[in-house]
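A short reminder: the numbers here are calculations on the coordinates, not readings from a lab. It should be emphasised that the depicted structure is a prediction, and the values quoted were computed from it without experimental measurement. Here Cβ is always computed from backbone atoms with ideal geometry, including for glycine, and neighbour counts include all displayed protein chains.
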Amino acid sequence: MDHAVALVQAYLQLNGYFTSAEYPIMAGTARNGFRTITDIDILAFRFPSGAPLAGRGRKSPKGLDVNMLDEGLAVPQDAIDMIIGEVKEGRVGINTGIRDPEVLKTVINRFGEVGDSDGIVEELLRTGNAEIPPAYNVRLIAFGSFPPGSQVPPCRIISLGHVLQYLQEYVRKHWHMLRHLQFKDPAFGFLMTLEKARRGGAGRRGERGVEVVPPMEEERPANGRRRGEMPQPAAPPARGFHGRGRR
C-alpha cells in the first residue's frame, strides 16, 4: 500500500469510517477476460451514530474518545457517508479515471439500488457532493501534501499535513491507553513508534541520546549509574521482620 494512502486510511478509520484502500474497478474485455480500468485510492463508508448514553449511578470507565471527529472532514450527522478519495504524496490532484461517469456509477452502486445514478453522478461531478435518498451521501475528497498545480474539479481538499496533525494529537491524547496496545496498521503503528521514541528522550543516556559503553578494564561510573544520577532510596524493611529473623 502507498504510504500516503496508509496515512489517510488511518485518519478515516479514527473518524469512524470503514475503508477499502486501492479499490480496483474492473471491466470485461472482448475475449471473456477482465481488465482494471482504474483503482480508487481510498473508498470509505461511515454510518451515523448517536452520542453514548451516560451511565446511571456509577462513573463510566475512561476510554478512547470515539467522538473526536475532525471538523475539517465535515462528517454528515444524519446520513450514511461515502467518500471517494484521491491521494497524492505531492500536489493535490484528481485523476481522469475517478472522473469517468461509468467508474463513478460503478462505485456508487455499492450502495445498492440508488435510482437515478446518472443524475447522482452528474451532481457529484458538478458540486463534489451528492445526496442519495433516503439517507445517503457521497463526496469527492482529494488528499495531498501541496496545493494543486492545476485546476481540480469541485471537491473537498484535505492536506496530508492536516491528516498527520490529527493523528499525532490523537496519539498524544490517548497515549496512556494506546501505549499498551499493538497495532498492525503500518501508518498508525509507525506513529506510535515515533511517539514512543519522542517520549523516551526524557530518559536518554549520555549527551543527545548517545552513550559509549567503555571496555571492561576501564573505569565505569560507580554502581553503574549514569553521570549525575542520584542513587535510588533503599526500600523499607518488610513488615513482620527484624534484624535476626522472623519473630
How would you rank 120-128, 17-25, highest first, on the average number of other Cβ atoms within 10 Å across their residues? 120-128, 17-25
Computed lengthening from Gln13 to Glu102, 0.36 nm per intervening residue step minus Cα-Cα distance: 29.3 nm
Using modelled amide H (1.01 Å from N, peptide plane; none on Pro or chain starts), what sits under 5 Å from the amide H of Ile37, excluding residues fewer than 5 places away? Ile25, Met26, Ala27
Grab the Cα-Cα distance for His162 and Glu71, subtract it from 0.36 nm times how many residues apart they are, and report the gain in nm with one decimal. 31.6 nm
Given points 7 Å out from each Cα along the Cα-Cβ axis, report the Phe111 to Glu89 separation in nanometres with one decimal. 3.4
Ordering 168-179, 76-87 by per-residue average of other C-beta atoms within 10 angstrom, highest first, gives 76-87, 168-179
Label points 7 Å out from Cα along the Cβ direction at Phe146 and Val210: separation in nm? 3.3
